[in-house]
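As structure tokens, the structure follows; a few thoughts come after it.
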Amino acid sequence: MQIPEPLARSVRDARHVVALTGAGISAESGLPTFREAQTGLWARYRPEDLATPEAFARDPALVWNWYAWRRSLVRAAEPNAAHYALVRLAQHAARLTLITQNVDGLHRRAGSADVIELHGDVMRTKCSREGTVVNAVDAHPSDDALEAPPRCPRCGAYLRPDVVWFGEALPSASLETASEAAARCDVFLSIGTSGIVFPAASLLPLALESGAAVVVVNPEPQPGTDHERAWHLQASATEALPALVEAAWQGRGQV
Ligand code: OAD
């Protein structure tokens, strides 16, 4: 895809680039986004009705088994060209802060370092009472449906995925680092996110208010991004991101 030269220049010249990713960047790795139709067995449930502390209290097995299914999808998925483009962007840019709302670990698997995972990691498990991280995923590698979640070896409470559910607070240190980066960056990339789930959705307006240029990568229009300093690359992440990195640093070493 064609990247306008002024946009390529802003990315190339930025002292600090922030990239915020959402479910859309992993869509082409075969992981369904939150707001598109879920498939198969889980099609009749809405993620918003499963990813909550109330849902877990009401029916722990249902929530555990939904995450077991999502873990199986994540295990089968591979990072795609957009994840790898962000690894290259980190190598070329003066500084990159990579923030993700995804719990799939695909940025790390692609080779990105220091990823700020605002919503946790679906492959990690914690005690639902004490919050201690317990590696139960190794103990239950099959991801089969269970009649009840496994129990914490220390206190006997149910284990749960180490992800942030609706109504829960984000890890405060990660959110603070992400907000500081958004407020200080020159270029803010918003990639594959609907921008409607707060507080992650506050990062883009924060960057705009602080004077950054914003680049939105989304095949769909994204509300709240109509601004003179906002570019919209209306394409898939695997199309737009490699093209952006290529346009910014072409002829300046391997991209
Ligand atoms: P959403 O499912 O809300 O939005 C995905 C966005 O990606 C949409 O705007 C799509 O248009 C866009 N998209 C789809 N395919 C794409 C592609 N190939 N390339 C680029 N963009 C594409 O996902 P998030 O914004 O990540 O939170 O959702 C935010 C949070 O809400 C999630 O982290 C999760 C959730 O419910 C928790 O679990 C706490």
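The values are calculated or read from the model by the stated rules, or taken from the named source; none is laboratory data. Values in this document were obtained by computation on a predicted structure and should not be read as measured data. Note: ideal-geometry Cβ built from the backbone for every residue, glycine included; neighbour counts use all protein chains shown. Quick note on the areas: whole protein, heavy atoms, side chains included, nothing else; ligands and nucleic acids left out. Shrake-Rupley method; radii C 1.70, N 1.55, O 1.52, S 1.80 Å.
Assorted remarks:
- Pairwise label distance in nanometres, Glu228 with Trp69, each label 7 Å out on the Cα-Cβ vector: 4.9 nm
- About the Cα centre, charge dipole magnitude for the range 129-212 (Lys/Arg +1, Asp/Glu -1 at Cβ), debye: 180 debye
- Estimated FRET transfer efficiency when R0 is 35 angstrom, pair Phe198-Gln250 (beta carbons, to 0.05): 0.40
- Around Val164: net Lys/Arg minus Asp/Glu count, Cβ-Cβ under 11 Å: -4
- The gain in end-to-end length when the Glu78 to Glu239 segment is fully stretched comes to 56.3 nm, 0.36 nm per residue minus the alpha carbon separation.
- Under a model in which nothing but the beta-carbon of Lys, Arg (+1) and Asp, Glu (-1) is charged, the chain shows a dipole of about 460 debye around its Cα centre.
- Nonlocal amide H pairs with Ala230, under 5 Å, H built at 1.01 Å: Val214
- Solvent-accessible area per residue, Å², over the range 104-182 with all protein chains present [probe radius 1.4 Å]: 50 Å²
- Relative contact order (percent, whole number), the range 123-213, Cα cutoff 8 Å, 6+ residue spacing: 23 percent
- Crossing angle, helix 237-249 versus the chain [Cα axis fit, 0-90 degrees, rounded to tens]: 40 degrees
- Remark: relative contact order (the range 60-192) = 26 percent; criterion is Cα-Cα distance under 8 angstrom and separation of 6 or more residues.
- Label-to-label distance, Asp13 versus Gln91, with points set 7 angstrom from Cα along the beta-carbon direction: 2.5 nm.
- Computed FRET value (nearest 0.05) for Ala169 with Met1, which takes r as the C-beta separation and R₀ as 30 Å: 0.20
- Rolling a 1.4 Å probe over the protein heavy atoms of the range 192-255, with every protein chain left in place, gives an accessible area that is 50 percent carbon and sulfur.
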